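Below you'll find the structure, written out as structure tokens, and then a few comments.
Only the coordinates and a few stated rules stand behind these numbers; no lab work does. As the structure is a computational prediction, the values presented were derived from the model and not from experiment. Every residue, glycine as well, gets a Cβ built from its backbone with ideal geometry; the counts of neighbours run over all protein chains shown.
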Amino acid sequence: MPFVKVRTDRCKGCGLCIPVCPVHLLGLMEVLNELGVQPVGVVGDPSECTGCLNCATMCPEAAIEIHEDVSEKA
């Protein structure tokens, strides 16, 4: 099962990734990061990630990674 990891320390809060997520997992967080902006975070159910890579492809800061859950490989 894929899962989304957002590197909030790199995110500039542009929000380009939010509308391209087909399952609406992403949104702006209420806290500020080290850059002084609201970073994007996972606001939906992380288990719904389809692994489509739309968000990671759209991110100009390469702050989003899609990982495969290795615990399910066993």
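Given H placed on each backbone N at 1.01 Å, which residues far from residue 64 in sequence or on other chains put an amide H within less than 5 Å of it?
Placed amide hydrogens put 7 under 5 Å from residue 64.
Might you report the magnitude of the Cβ-based charge dipole of the chain about its Cα centre, with Lys and Arg at +1 and Asp and Glu at -1, to the nearest 20 debye?
Dipole of the chain, to the nearest 20 debye: 200 debye.
By the scheme Lys and Arg +1, Asp and Glu -1, what is the net charge of all other residues having a beta-carbon under 11 Å from that of residue 61? Can you show the working numbers first?
Values: positive: 7, 10, 12; negative: 9.
After counting each charged neighbour, the total is +2.
Can you show me the helix-derived [θ] at 222 nm for the chain, built from DSSP H runs with n ≥ 4 at -39,500 (n - 2.57) apiece and divided by the number of residues, rounded to the nearest 500.
Values: 1 runs with 5 residues, N = 74.
Calculated mean residue ellipticity at 222 nm is -1500 deg cm²/dmol.
Check which residues have an amide H placed less than 5 Å from residue 43's amide H, if you skip close sequence neighbours.
When sequence neighbours closer than 5 places are left aside, the close amide H contacts are 26, 27.
For the stretch 17-32, in order, what is each residue's ³J(HN,Hα) by Karplus, 6.51 cos²θ - 1.76 cosθ + 1.60 with θ = phi - 60°, in whole Hz (x at glycine and Pro)?
Once rounded to whole Hz, the list reads 7, 4, x, 8, 7, x, 10, 6, 7, 9, x, 6, 7, 8, 9, 9.
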